[in-house]
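The values are calculated or read from the model by the stated rules, or taken from the named source; none is laboratory data. Because the structure is a prediction, the values reported are computed rather than measured. No Cβ is skipped: glycine too gets one built from the backbone with ideal geometry, and neighbour counts run over all protein chains shown. Accessible surface is based on the protein model in full, side chains and every heavy atom, while ligands, DNA and RNA are left aside. Shrake-Rupley method; radii C 1.70, N 1.55, O 1.52, S 1.80 Å.
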Amino acid sequence: MRPPETRQSLIVRLQDQRNEPAWTEFVCAYEPFLTRLVRRLGTPDRHAADVTQHLLIAIAKSVDGWQADGKEASFRRWLGRVARNVVIKFMMRERKQITGQGGSDFL
């Protein structure tokens, strides 16, 4: 599946976090692409949906800072950087939550 075509007008509308129609359109168009992206970045399948939700939140918080760089696919490259950061944070949290292997030696 190809990534959705990036429309500048949609990105501009996303900068208003309260613009529900724009966000609904964005999520419908981009969520499958973002889910594949977080999986490709190493997120286990069982966590892909949660990480994708965190990614959507990160996009909502930072989309107003996105600026086109004049090159093709600049928004998708930006999405890739945001996704990589979200996945890294997720993996770091997961690593901290790994519990020790129990046994009776301690007793």
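Some notes on this structure:
- Scanning segment 1-28 for residues being open to solvent by 30 Å² or more (accessible area, probe 1.4 Å), part of a helix (DSSP H, G or I) and within 19 Å of Lys61 (Cβ to Cβ) gives a total of 7.
- Only one of the numbered conditions (1) of a type outside the set (Asp, Glu); (2) out of contact with any helix residue (DSSP H, G or I) (no Cβ under 8 Å at 6 or more places or on another chain); (3) surrounded by 16 or more Cβ atoms within 10 Å (Cβ to Cβ); (4) modelled with pLDDT of 95 or more is not met by Met91, and that is (4).
- Of everything listed in (1) assigned to a helix (DSSP H, G or I); (2) of a type outside the set (S, T, N, Q); (3) in contact with a Lys or Arg (Cβ under 8 Å, 6 or more places away or on another chain), the single unmet condition for Phe75 is (3).
- Checked against (1) surrounded by 12 or more Cβ atoms within 10 Å (Cβ to Cβ); (2) more than 20 Å from Glu5 (Cβ to Cβ); (3) at pLDDT below 90, Trp66 passes all but a single condition, namely (2).
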